[in-house]
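One structure below.
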Amino acid sequence: MATEVSSTDRVDVRMVIDLGERHLAVGMIDTDGNVGVRDRVVTPPKDRDLALTRLIHRVLAATPAEQQPVLCAVTGPGPVDEQFGGFAPLGNNDWNGLPVRDAISDVVGCPVILESTGRGYALAACDGGSVIGLHLGDDVDGGIVVDGRLLSGERGSVGEFAHLAFEVDGRPCLCGNAGCLDAYASVHGIEASTGRGLVSTPASLIAQSGMMVARACASLAAMMDIHRIRIGGVVVEAFRQAFIESIHQELPERTRLTHLSDLDVAVAQFHVLAGASAVALAAGPVE
């Protein structure tokens, strides 16, 4: 028999979920962002919604009755389609069209917040003040945080940096244009250009990718007047020091404006649920 728990016995615990091409991750966090019960599986090639539901059930079953979630935050491949309640990434992505919010809400029975992976990353990268987060994963994504608040815009998509264009006759991009940052700095874009897996990328193309990211950082800092930029994601993990060195070699050529002299660009890598955790905590108290 299930144990009934009164509302006065419940504690403020939140479920956090990250949806990726390579993983499904689910965990429970407290009000300090500490992750308790958690689980993770490899993303299946099909029936992703069923695999996610099973994973959520496992985490809930391992969570004490008084610690069932009062809120759930989900990060995934943006942008978010709020009307549909799911994610709408460009190209052939299996998360596109899945009613993620309804599927999760039916299981957890609490409000569900959706946010893009990159915007969640930006929130996680902000330890106060303002920061631009640039997430280089399967797609390029990111977010802008000003005075601790994630900027939203009319569609809640501020920080979709993937289609900043830097090369008029550059690599073709999924959006139909050429020379977009996504074509040079995302897993999909890099692998499409080489025909190889990410870890087999030639050194010359790693350097080119870093150069394009440096250009993006300089442009974003000049536009937004934010001098702290944090970069993370699987591309950074795969390319390592050669990529970082390429960024810092290019930056001096792109930051000659006086107000860019103190531009701070650095790598910040977090655990897989950090972005969703930051989104969950930023939601504030739950009634």
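Consider only pairs whose beta carbons are under 9 Å apart and that are at least six residues apart or on different chains; among these, list those whose first residue lies in region 100-129 and is touching a residue at least 12 places away in the same chain (Cβ under 8 Å) and under 14 Å from Met15 (Cα atoms) and whose second residue is assigned to a loop (DSSP other than H, G, I, E, B) and hydrophobic (A, V, I, L, M, F, W, C). Partner pairs satisfying both residue conditions: Arg101/Phe84; Cys110/Val70; Cys110/Val286; Pro111/Val70; Pro111/Ala283; Pro111/Val286; Ile113/Ala283. Among the residues of region 84-119, the ones that are among the charged types (D, E, K, R) and touching a strand residue (DSSP E or B) at 6+ places or on another chain (Cβ under 8 Å) come to 3 in all.
Rundown of residues vs (1) open to solvent by 10 Å² or more (accessible area, probe 1.4 Å); (2) under 15 Å from Val265 (Cα atoms), yes/no style:
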residue: Gly118; (1), (2): no, no
residue: Gly128; (1), (2): yes, no
residue: Gly133; (1), (2): no, yes
residue: Asp138; (1), (2): yes, no
residue: Gly153; (1), (2): yes, no
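In region 254-272, what residues are without any contact (Cβ under 8 Å) to a residue 24 or more places away in the chain and in contact with a Ser or Thr (Cβ under 9 Å, 6 or more places away or on another chain)? Working first, answer last.
Residues of region 254-272 that are without any contact (Cβ under 8 Å) to a residue 24 or more places away in the chain, as a first pass: 256, 258, 261.
Listed by number, the list holds a single entry, Ser261.
Of all the listed residues (Ala185, Ala222), the sole one being in contact (Cβ under 8 Å) with a residue 24 or more places away in the chain and either crowded, with 18+ Cβ neighbours inside 10 Å or touching a strand residue (DSSP E or B) at 6+ places or on another chain (Cβ under 6 Å) (or both) is Ala185.
Of Gly97, Gly109, which residue is on the phi > 0 side of the Ramachandran plot and open to solvent by less than 50 Å² (accessible area, probe 1.4 Å)?
Working: Gly109 fails: open to solvent by less than 50 Å² (accessible area, probe 1.4 Å).
Selected residue: Gly97, the only one of Gly97, Gly109 that is on the phi > 0 side of the Ramachandran plot and open to solvent by less than 50 Å² (accessible area, probe 1.4 Å).
Could you list, in sequence order, all residues of region 36-81 that are of a type in the set (A, V, I, L, M, F, W, C) and surrounded by fewer than 17 Cβ atoms within 10 Å (Cβ to Cβ)? Val41, Val42, Leu50, Ala51, Ala61, Ala62, Ala65, listed by residue number. Of all residues in region 231-248, one or more are at positive phi and open to solvent by 70 Å² or more (accessible area, probe 1.4 Å). Pairs linking a residue in region 78-97 that is in contact (Cβ under 8 Å) with a residue 24 or more places away in the chain to a residue that is hydroxyl-bearing (Ser, Thr, Tyr) and part of a loop (DSSP other than H, G, I, E, B), with Cβ atoms under 8 Å and 6 or more positions apart or on different chains, are Gly78/Ser157; Pro79/Ser157; Val80/Ser157.
The values are calculated or read from the model by the stated rules, or taken from the named source; none is laboratory data. Only a predicted model underlies this, so the values are computations on that prediction, with no experimental measurement involved. Cβ: placed from backbone, ideal geometry, glycine included. Neighbour counts: every protein chain shown. Heads up: the accessible areas ignore ligands, DNA and RNA and are worked out on the full protein's heavy atoms, side chains in. Shrake-Rupley method; radii C 1.70, N 1.55, O 1.52, S 1.80 Å.
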